[in-house]
Amino acid sequence: KEVKFNRHNVFERDGHTCQYCGNEFHERDLNLDHIIPRDMGGKTTWENIVTSCIKCNTRKANRLPHQAGMHLRCKPDRPRWRPFVHAIPSEEREDGWNHFLK
């Protein structure tokens, strides 16, 4: 089953962390940034959207990251989550299951 593309899931994928400065924020202090801006042909996809803080989003503006002197902390990708695994806290899982859950 694919993970639905929405704001909350992008924030979850990126760990509520700005993908430019690396700081963690509350959802209300985050934006979604098109790595390749829409007016340059960038699409709204998992691979072209990252979490950014307001300060970094403003600094990057409508440019490519390298044009703004910025770098992504990691390459964005479509998540491959297993919802039932995330429902059980890792400290409550038995070690013998780790091989199967990875």
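The values are calculated or read from the model by the stated rules, or taken from the named source; none is laboratory data. All values derive from a computational prediction rather than experimental measurement. Note that we place each Cβ from the backbone using ideal geometry, even for glycine, and neighbour counts take in every protein chain shown. Quick note on the areas: whole protein, heavy atoms, side chains included, nothing else; ligands and nucleic acids left out. Shrake-Rupley method; radii C 1.70, N 1.55, O 1.52, S 1.80 Å.
For the reader, a short list of remarks on this structure follows.
- Members of the range 53-72 found to be closer than 15 Å to Leu30 by Cβ, assigned to a helix (DSSP H, G or I) and open to solvent by less than 80 Å² (accessible area, probe 1.4 Å), listed by number: Cys56, Asn57, Lys60
- Of all residues in the range 3-19, those that are more than 13 Å from Thr44 (Cα to Cα) and at pLDDT 95 or above have Cβ atoms under 8 Å from Cβ atoms of residues that are surrounded by 15 or more Cβ atoms within 10 Å (Cβ to Cβ) and acidic (Asp, Glu), 6 or more apart or on another chain, in Gln19/Asp33.
- Hits in the range 18-34 - residues which are out of contact with any His (no Cβ under 9 Å at 6 or more places or on another chain), open to solvent by less than 30 Å² (accessible area, probe 1.4 Å) and not small (Gly, Ala, Ser): Cys18, Gln19, Asp33
- Residue within the range 35-48 that is at pLDDT below 95, open to solvent by less than 50 Å² (accessible area, probe 1.4 Å), within 15 Å of Phe5 (Cβ to Cβ) and not aromatic (Phe, Trp, Tyr) present: no
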